[in-house]
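Worksheet for the structure shown next.
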Amino acid sequence: MSSFRIKGVVRFADRMRRELSGVVSAERKVQLRGEVIDLIRQVDQIVVSRGAHIDMLPLPTRRAYHFLANLDFNATASDAAPDPTESPESLAGTIRLVGVKSYWQSIMKQLAIASPTHDSDELHESIRTSSERIDRYLEAQSLGARDLTIQSRKIRSWLAFFATRQNFDAYVMAIDRARPVFEDVLLRTERFHVPAMIEFQQVSSLYKLRGCRHETRVMLPTPMIVFSTELFSHLANASLTNGNKELVMAATAGREYQRIQAELEALSGLEDRAGGVYRDLGASFKRINEKYFSGSMPRPRLTWSQSFTGRKFGHYDFIRDMVMISCSLDRNEVPQYVLDFVVYHELLHKKLGVDWRNGRAKAHTREFRIQERMFERYCEAEASLQELANSDSSYTSLRSC
């Protein structure tokens with residue numbers, strides 16, 4: 001019999017992870033335990049009714065099922081009364097700002113049109129009043145940023161950031177610097193067409209290109225409004241002709257770029273997801289920082305992966321200064337030193353950066369491997385990770401992380 005899907009299991013498991021990673025009252029734990037038991041019973045009944053078994057479920061669903069089936073509620077965060085000022089978990093991340101997305105897209109399109117300076121006062125006033133209107137709505141409804149969907153959070157923070165005239169003017173001037181150099185490169189390609197419609201938004205990659213019949217949308221991370229004409233030229237060549245990304249990557253680690261990124265994340269209410277069900281990344285970072293970096297390592301944003309579909313044990317995002325650790329390591333049976341080793345590995349990426357040779361980036365250099373082996377229980381940790389990787393073919397070793 002071929003594999004089959006059961007919808008909602010992965011989403012349910014992620015909701016459990018998010019709620020149990022905080023402090024949960026004893027009464028709420030009883031409720032959650034009941035929900036988990038009901039879900040496991042339903043999945044078992046569906047599997048039996050099909051004459052199948054759990055191993056025939058898709059890997060993400062299977063992993064979510066085993067996480068739920070093995071939940072140890074006694075080992076989660078200590079009992080405490082819920083904070084009445086906090087929004088209930090059932091609302092967190094579910095409120096969508098209706099109509100805001102289409103408005104935001106319209107504003108970016110107007111800004112991307114050549115020489116928007118004659119409309120700049122009107123556009124800025126529209127952004128400012130819209131941002132204030134959203135804040136008044138949230139206040140009237142006793143809602144916070146964490147109650148919004150991820151998309152609504154990002155749009156709200158974008159509007160709030162550019163409601164400041166200085167930031168808005170920086171956006172307009174950045175378009176004036178970026179458009180000519182992108183169009184110069186576009187004219188040398190066959191796949192994309194001019195004009196270049198430049199948009200600065202919260203994309204997670206260095207760039208996104210979308211070719212249309214009569215134009216090319218160029219979507220860039222918002223903090224790139226600080227880029228010079230020279231940097232935009234390097235970026236245009238990197239994105240359209242596979243040019244060298246070294247200077248661009250170095251610029252994303254710069255103080256001004258990271259300042260804007262941090263401000264946008266603060267405005268969106270984005271927080272660390274350092275707390276896990278059984279393990280805490282903040283505590284792991286503190287141990288590693290004190291022992292291996294003399295306490296001098298600035299703390300990056302720490303987060304567990306949000307789903308059960310990760311392919312790596314860890315990842316360091318240079319652009320957002322973020323360490324993401326696979327939630328597969330947030331388990332009682334995974335030794336603490338194994339988690340610490342993965343965190344140490346990712347912090348080495350933050351410390352050592354990337355070595356560029358002939359236009360190609362290499363993160364796992366000889367120096368990296370030397371320092372990696374300085375971890376006190378390196379061999380044991382590597383063996384444990386290899387064993388875990390062998391038990392689940394979707395995981396890869398740290399060699400590629």
### Query
Of all residues in the range 289-306, which are surrounded by 18 or more Cβ atoms within 10 Å (Cβ to Cβ) and of a type in the set (D, E, K, R)?
Arg301
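Looking at Val194, Val172, Val185, Val98, which one is surrounded by 12 or more Cβ atoms within 10 Å (Cβ to Cβ) and either modelled with pLDDT of 95 or more or not in a helix (DSSP H, G or I) (or both)?
Numbers: Val172 fails: either modelled with pLDDT of 95 or more or not in a helix (DSSP H, G or I) (or both); Val185 fails: either modelled with pLDDT of 95 or more or not in a helix (DSSP H, G or I) (or both); Val98 fails: surrounded by 12 or more Cβ atoms within 10 Å (Cβ to Cβ).
Result: Val194 is the single residue among Val194, Val172, Val185, Val98 that is surrounded by 12 or more Cβ atoms within 10 Å (Cβ to Cβ) and either modelled with pLDDT of 95 or more or not in a helix (DSSP H, G or I) (or both).
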### Summary
Arg299 fails exactly one of (1) within 18 Å of the chain's Cα centre (by Cα); (2) part of a loop (DSSP other than H, G, I, E, B); (3) in contact (Cβ under 8 Å) with a residue 24 or more places away in the chain, namely (3)
### Task
Could you look through the range 29-43, keep only residues that are in contact (Cβ under 8 Å) with a residue 12 or more places away in the chain and of a type in the set (A, V, I, L, M, F, W, C), and pick out the one that is surrounded by the fewest Cβ atoms within 10 Å (Cβ to Cβ)?
Ile40
### Message
Given the condition within 28 Å of Leu235 (Cα to Cα), modelled with pLDDT under 95 and in contact with a Ser or Thr (Cβ under 8 Å, 6 or more places away or on another chain), answer yes or no: does some residue in the range 135-154 qualify?
### Response
yes
### Task
Among residues belonging to the range 103-121 that are modelled with pLDDT of 90 or more and not aliphatic (A, V, I, L, M), point out the one that is farthest from Glu183 (Cα to Cα).
Tyr103
### Where a residue in the range 224-251 is in the same structural domain as Arg210 (by TED's automatic domain parsing) and its partner, wherever it lies, is among the acidic types (Asp, Glu), with Cβ under 7 Å and at least six apart
Val226/Glu256
### Extreme residue, surrounded by the fewest Cβ atoms within 10 Å (Cβ to Cβ), among residues of the range 245-288 that are among the small types (Gly, Ala, Ser) and touching a Phe, Trp or Tyr at 6+ places or on another chain (Cβ under 7 Å)
Ala253
### Query
If we keep just the residues of the range 141-169 that are outside any helix (DSSP H, G or I) and of a type in the set (Gly, Ala, Ser), which is farthest from Gly99 (Cα to Cα)?
Ser142
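The values are calculated or read from the model by the stated rules, or taken from the named source; none is laboratory data. Note that the coordinates shown come from a computational prediction; the quantities given were computed from them, not determined experimentally. All Cβ positions, even for glycine, are placed from backbone atoms using ideal geometry, and neighbour counts span all protein chains on display.
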